[in-house]
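The values are calculated or read from the model by the stated rules, or taken from the named source; none is laboratory data. Bear in mind the structure is a predicted one, so any value in this text is a computation, not a measurement. Note that we place each Cβ from the backbone using ideal geometry, even for glycine, and neighbour counts take in every protein chain shown. What goes into the accessible areas is simple: the full protein's heavy atoms, side chains included, and nothing from ligands, DNA or RNA. Shrake-Rupley method; radii C 1.70, N 1.55, O 1.52, S 1.80 Å.
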Amino acid sequence: MKIDVITIFPGILEGPFKESMIKRAADQGVVEINLVDLRDYTHDQHRQVDDYPYGGGYGMVLKPEPLFEAVEDLNNRSGSANPRVILLTPQGRRFDQHLARELAEIEHMILICGRYEGVDERVRTALVDEEISIGDFVLTGGELAAAVVVDAVVRLLPGVLAEEASADESFTEPLLEYPHYTRPSVYRDMEVPPVLLSGNHGEIARWRRRQSLQRTLEKRPDLLEKADLLPEERIYLEDLKKKQS
Ligand code: ADE
């Protein structure tokens, strides 16, 4: 997979992509991530990327020309026929694990980090395929949102994680993960649940599933509506609900 990230602050993103799993994926050739400085696509002495809004008002707006030229250049240099152009903005579709999985199938994506008060509307209407938001809050720019999207997508690429790791975790199916423990088995009088030390894999799997159900009921009951549950699991949840009330 190839990911180009267009930004006026490449420095913000250098750190996150140079560490840990993303770095390993890049070193292994699973992903190629390019930070593209939008100012490289300006033609004036001041390398101006923004301007005052027509009609007046607060703040600056990212100009269309450098963004169009950057995307067109990256398009021309792409080996892939149709790179997906994504704008990070609080107005976009909410990012979640489903969208991460969808993006993980793409050969080449171009992420545009919005800044200032906004981006010229013609970028949205004529350049961008999709707008993505990482949540209902406003960041100073799209860079941290791009880091979140890249992280969530790259870890899903084949060979980056052990297969079981991504299959087993929260949001693969819409239940929260069960609790995890490691050594020591007793820490400050807090004990690891004995079933996990029992070596009985059937019992352990059952306990974990029930813990997942219980946690989801407590923290994200909305997710249970979408979950594909066995009849006995529904009964278990009904019992829990009765105990709670
Ligand atoms: N830019 C500013 N806020 C954002 C958000 N919540 N998601 C994506 N991009 C953003």
Selection within segment 202-245 - more than 17 Å from P179 (Cα to Cα) and of a type in the set (V, I, T): I235
Positions within segment 16-53 being closer than 19 Å to V119 by Cα, among the acidic types (D, E) and open to solvent by 90 Å² or more (accessible area, probe 1.4 Å), in sequence order: D40
Residue, farthest from the ligand (Cβ to nearest atom), within segment 103-136, restricted to residues that are at pLDDT below 95 and not in a loop (DSSP other than H, G, I, E, B): G118
Residue that is surrounded by the fewest Cβ atoms within 10 Å (Cβ to Cβ), among those in segment 77-92 that are modelled with pLDDT of 95 or more and more than 14 Å from S133 (Cβ to Cβ): R84
Test: residue in segment 157-179 that is in a loop (DSSP other than H, G, I, E, B), within 16 Å of the ligand (Cβ to nearest atom), modelled with pLDDT of 95 or more and in the same structural domain as D96 (by TED's automatic domain parsing): no
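Results for (1) out of contact with any Pro (no Cβ under 7 Å at 6 or more places or on another chain); (2) closer than 19 Å to A165 by Cα; (3) open to solvent by 80 Å² or more (accessible area, probe 1.4 Å), shown as yes or no for each residue.
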residue	(1), (2), (3)
Y181	yes, yes, yes
S198	yes, no, no
A205	yes, yes, no
L224	yes, no, no
P231	yes, no, yes
Odd one out for Q211, checked against (1) open to solvent by 70 Å² or more (accessible area, probe 1.4 Å); (2) assigned to a helix (DSSP H, G or I): (1)
Odd one out for F95, checked against (1) assigned by TED's automatic domain parsing to the domain that holds L13; (2) touching a Phe, Trp or Tyr at 6+ places or on another chain (Cβ under 9 Å); (3) open to solvent by less than 80 Å² (accessible area, probe 1.4 Å): (2)
Residue in segment 86-102 that is among the acidic types (D, E), free of Cβ contacts under 8 Å to residues at least 60 places away in the same chain and not in a strand (DSSP E or B) present: yes
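Could you tell me which of the residues L13, L67 is open to solvent by less than 60 Å² (accessible area, probe 1.4 Å), in the same structural domain as T89 (by TED's automatic domain parsing) and farther than 15 Å from V150 by Cα?
Testing whether each residue is open to solvent by less than 60 Å² (accessible area, probe 1.4 Å), in the same structural domain as T89 (by TED's automatic domain parsing) and farther than 15 Å from V150 by Cα leaves just L67.
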Residues of segment 1-30 classified as outside any helix (DSSP H, G or I), within 23 Å of L67 (Cα to Cα) and β-branched (V, I, T), total: 5
Pairs with Cβ under 8 Å, 6+ apart, first in segment 218-238 and more than 19 Å from W207 (Cβ to Cβ), second surrounded by 10 or more Cβ atoms within 10 Å (Cβ to Cβ) and among the polar types (S, T, N, Q): L223/T216
Residue check, G29 more than 25 Å from T140 (Cβ to Cβ) and either among the small types (G, A, S) or not assigned by TED's automatic domain parsing to the domain that holds G15 (or both): yes
Yes/no for L139 being within 15 Å of the ligand (Cβ to nearest atom), modelled with pLDDT of 95 or more, part of a strand (DSSP E or B) and on the phi < 0 side of the Ramachandran plot: no
